1. So SER182 passes all but one of these: (1) in contact with a Pro (Cβ under 6 Å, 6 or more places away or on another chain); (2) of a type in the set (S, T, N, Q); (3) within 27 Å of ARG302 (Cβ to Cβ). Which condition number does it fail?
2. Those residues that are assigned to a loop (DSSP other than H, G, I, E, B) and under 26 Å from the mean Cα position of the chain (by Cα), I need them from segment 164-178; list them, please.
3. In segment 1-94, which helices (runs of 4 or more DSSP H) lie fully inside it and hold 2 or more residues that are outside the structural domain of TRP111 (by TED's automatic domain parsing) and among the aromatic types (Phe, Trp, Tyr)?
4. Only one of these conditions is not met by SER202: (1) in contact (Cβ under 8 Å) with a residue 24 or more places away in the chain; (2) more than 16 Å from ligand 2 (Cβ to nearest atom); (3) more than 13 Å from TYR147 (Cβ to Cβ). Which number is it?
5. In the set GLU113, GLU98, which member is buried (at least 17 other Cβ atoms within 10 Å of the Cβ), farther than 30 Å from VAL293 by Cα and among the acidic types (Asp, Glu)?
6. If you check PRO138, PRO169, PRO164, PRO194, which single one turns out to be more than 16 Å from ligand 2 (Cβ to nearest atom), outside the structural domain of ALA268 (by TED's automatic domain parsing), touching a residue at least 40 places away in the same chain (Cβ under 8 Å) and at negative phi?
7. Taking interchain pairs and intrachain pairs at least six residues apart, which have beta carbon atoms under 9 angstrom, with the first residue in segment 253-276 and without any contact (Cβ under 8 Å) to a residue 24 or more places away in the chain and the second outside any loop (DSSP other than H, G, I, E, B)?
8. When you check ASN238 against the structure, is it at pLDDT below 95, in contact with a helix residue (DSSP H, G or I) (Cβ under 9 Å, 6 or more places away or on another chain), in a loop (DSSP other than H, G, I, E, B) and not assigned by TED's automatic domain parsing to the domain that holds CYS142, yes or no?
Amino acid sequence: MDTRTLASWINVAQKAFNYPWETSPIHALARESVPQHAHGPLGWLLKSDINSTWALWYINGIVDTAAYEIDTRLSYAHFYREVRDALQEDHRGTPWDEISHLAKVVAQTAWPEIEFRRSIHRRKLTKKERSEIWSSQPNPRCYLCGYLFTAAARDRFLWVPDAPQVTPPIAVDFVRPRGLRSGDLLPQVDHIRPVAIGGETSMDNLRLACGWCNRKKSSHIDLYGTPSAYAGTFDHPNMGRISVPRPLWVVRLVKMRGRCEDYSGCKANIDNAELFVAPRRLSGAINPTNCAVYCDSHDPWRNQRFVGAKTYAQNFQKSRF
Ligand SMILES: [Zn+2]
Ligand SMILES: [Zn+2]
């Protein structure tokens, strides 16, 4: 690892932090490439998520899809032609077949979203469909974090008459405080491909997620959908003050890592265990560059992670940023 590269990169970043509304330090930082080491082991996810954001902006920047969503008389052929004309302007002198090819790729990527938004409806699932989703796995777990649903949660999900409320837990994970709200522990039907970008309410696009993950994930599809600082700080009774990561990061990192990272070659993964996020460097904040995913038995914070729900509520201070 080249420590000098890291130091000079941070120096350039520092000027941009100090003068965020001046153009020259921002241009200087834009010319830098991020040193490999700074991304951490999840660099692939950090890069992919920024790329998908740029790809969506690029596509919508060629032809604004909003007009097509509203005016249902506008056809795909019309959309394709508009995309092709805009690209031709952009790439003067490029052979026609190359332009047509790019236009086809762009139009075919954007069109399903337009079509879906035209007919937007979040269809309510029937009782039969709910039980079909429930019985599609032997032991239903949250597909995002591996949380195992309780029998009480199942009864509520399947609308069993007189099913009692699910009792909130006495202790919560301070990194993922699930259980502060009653709906956190209940299975919810989630769209793998979000409704907002055209995901359909069909069996193969649906999974069970715990209420907490589903609420925090919302319709976000990348790590950058939230501000970059931490969610807040927690005064841990034994560990002192610790920053609590953004909930969206926790959901995305656990799901995308998907397995316990213990060196022993642990077999725990999202389909057979609940997984937890802990920092790789205990001195550092849990952010996307510094986190690891563990099962309960390999979690370095297993003895400190769960704190009384009341303690959590009292000792958590939301970030002001
Ligand atoms: Zn979950
Ligand atoms: Zn493990």
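1. Checking SER182 against (1) in contact with a Pro (Cβ under 6 Å, 6 or more places away or on another chain); (2) of a type in the set (S, T, N, Q); (3) within 27 Å of ARG302 (Cβ to Cβ), the one that fails is (1).
2. PRO168, PRO169, PHE174, VAL175, ARG176, PRO177, ARG178
3. Working: elements: 3-18, 23-31, 36-39, 43-62, 66-70, 76-90.
The qualifying helices (runs of 4 or more DSSP H) are 3-18.
4. (1)
5. GLU113
6. Numbers: PRO138 fails: touching a residue at least 40 places away in the same chain (Cβ under 8 Å); PRO164 fails: touching a residue at least 40 places away in the same chain (Cβ under 8 Å); PRO194 fails: touching a residue at least 40 places away in the same chain (Cβ under 8 Å).
PRO169 is the lone residue from the list that is more than 16 Å from ligand 2 (Cβ to nearest atom), outside the structural domain of ALA268 (by TED's automatic domain parsing), touching a residue at least 40 places away in the same chain (Cβ under 8 Å) and at negative phi.
7. The qualifying pairs are LYS267/ARG259; LYS267/CYS295.
8. Values: at pLDDT below 95: yes; in contact with a helix residue (DSSP H, G or I) (Cβ under 9 Å, 6 or more places away or on another chain): no; in a loop (DSSP other than H, G, I, E, B): yes; not assigned by TED's automatic domain parsing to the domain that holds CYS142: yes.
The answer is no for ASN238.
The values are calculated or read from the model by the stated rules, or taken from the named source; none is laboratory data. In this text the structure is predicted, and so the values were computed from the model without any measurement. Positions of Cβ are generated from backbone atoms using ideal geometry, with glycine treated the same way; all protein chains shown enter the neighbour counts.
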